[in-house]
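The values are calculated or read from the model by the stated rules, or taken from the named source; none is laboratory data. Note that the structure is predicted; figures quoted are calculated from it, not measured. Please note: Cβ atoms are built from the backbone with ideal geometry, for glycine as well, and neighbour counts cover all protein chains shown.
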Amino acid sequence: MDVELREVTAADVLVFFEHQRDPEAVRMAAFTSADPSDRAAFLVRWARILADDSAVARTVVFDGEVVGHVARLFQFGEPEVTCWIDREHWGKGLATAALELFLREEPLRPLYARAAVDNLGSLRVLEKCGFVAVGEDVGFAEGRGEDVEEFILRLDG
């Protein structure tokens, strides 16, 4: 599979913004920004991520096209992995391939991840990459406008 990771550029962030405006993808991700159409807030958030020395973010490229991103940020005091793939490319194994590549270059362990309990695609990707469920939580999910149950997963090795 022709999946690559590279440094995030300003142009990539604009593509990420378009990806996260998809209502179905926002609903599935659940824990998103309050207003996915707020371009200024999105750009500020990404500027903060890219300026944060403790964060690692990569653009996911498939057949020469920017299809998403994968990152390691600190959430709730723990290193947490997040991944977003454009819905047009769901079901092709790109999230799994991108996360596997990312985990090869990201040495920090343990790593955590969170996914809504009904986000079976993300849960499957995390499982394939070695993450195991270690807890559950409930939080308000802006992408759904309601409290949502989520699994907390951890990768030790």
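Before moving on, here are some points about what is shown:
- Which numbered condition L108 misses (of (1) under 21 Å from A51 (Cα atoms); (2) in a strand (DSSP E or B)): (2)
- Counted residues, the range 101-127 - those being surrounded by fewer than 18 Cβ atoms within 10 Å (Cβ to Cβ) and either within 17 Å of A57 (Cβ to Cβ) or among the charged types (D, E, K, R) (or both): 9
- R87 being within 23 Å of E18 (Cα to Cα), touching a helix residue (DSSP H, G or I) at 6+ places or on another chain (Cβ under 9 Å) and of a type in the set (K, R): yes
- Filter result (aliphatic (A, V, I, L, M), in a helix (DSSP H, G or I) and closer than 18 Å to E24 by Cα) within the range 115-155: L120, L123
- Every pair of residues 6+ apart whose Cβ atoms lie under 6 Å, when the first sits in the range 23-52 and is closer than 16 Å to V13 by Cα while the second is among the aliphatic types (A, V, I, L, M) and assigned to a loop (DSSP other than H, G, I, E, B): I49/A55
- When every residue of the range 13-31 is checked against the conditions, at least one turns out to be over 16 Å from E88 (Cβ atoms), modelled with pLDDT of 95 or more and under 15 Å from the mean Cα position of the chain (by Cα).
- Residue satisfying all of: in the range 32-45; more than 15 Å from the chain's Cα centre (by Cα) and outside any loop (DSSP other than H, G, I, E, B); surrounded by the fewest Cβ atoms within 10 Å (Cβ to Cβ) among these: A40
- Candidates T82, T59: the one that is in a strand (DSSP E or B) and crowded, with 21+ Cβ neighbours inside 10 Å is T59.
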